[in-house]
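Okay, so here's the structure we're looking at.
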Amino acid sequence: AGGGRLLDKIRKWYYNAAGFNKLGLMRDDTLHEDDDVKEALKRLPEHLYNARVFRIKRALDLSLKHQILPKDQWVKYEEDQPYLEPYLKEVIRERHEREAWNKK
């Protein structure tokens, strides 16, 4: 149990050290947009997509101004939910299925 707490503390430290949360971004906002991610983004519900676009535009604006959000507006480690992950997993599973089918 002690090792798990230490690992969680390291994860939180690394999350904050990365700095994207200080711009209001979530982890899934920072994914490299390869073909799988682009397809997953197309499948996002509109409210999740709009929230992502808002966060990215705000982060770009802050970055251009060399500013960060006030600390009370930073995305906290515990609040950062992988909103894109379920869609991305589905896209990757479908791609693997297609590739396996095409090999037959």
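The values are calculated or read from the model by the stated rules, or taken from the named source; none is laboratory data. Source: prediction; values computed, not measured. FYI the Cβ positions are ideal-geometry reconstructions off the backbone, even for glycines, and counts take in every protein chain you see. Surface areas here come from the heavy atoms of the whole protein model, side chains and all, with no ligands, DNA or RNA. Shrake-Rupley method; radii C 1.70, N 1.55, O 1.52, S 1.80 Å.
At a glance:
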| read-out | value |
| --- | --- |
| Label of the coordinate-derived value, log10 I(q)/I(0) by the Debye sum over Cα atoms at q = 0.11, 0.14 Å⁻¹, listed as (i) -0.31, -0.51; (ii) -0.38, -0.56; (iii) -0.46, -0.68 | (iii) |
| Solvent exposure of segment 2-103 as accessible area per residue, Å², 1.4 Å probe | 73 Å² |
| Sulfur and carbon atoms: percent of accessible area, the chain [1.4 Å] | 57 percent |
| Estimated FRET transfer efficiency when R0 is 22 angstrom, pair Arg43-Arg11 (beta carbons, to 0.05) | 0.20 |
| Residue-span extension gain [Glu94 to Ala51] - 0.36 nm each, minus C-alpha spacing | 12.9 nm |
| Listed residue pairs exceeding 26 Å between alpha carbons, taken from Lys12/Lys42; Lys38/Lys103; Lys12/Lys38 | Lys12/Lys42; Lys12/Lys38 |
| Under 15 Å from Lys65, Cα to Cα: aspartates and glutamates that are on another chain or at least 8 residues apart | none |
| Alpha carbon centroid spacing (whole Å) that separates segment 1-71 from segment 84-104 | 24 Å |
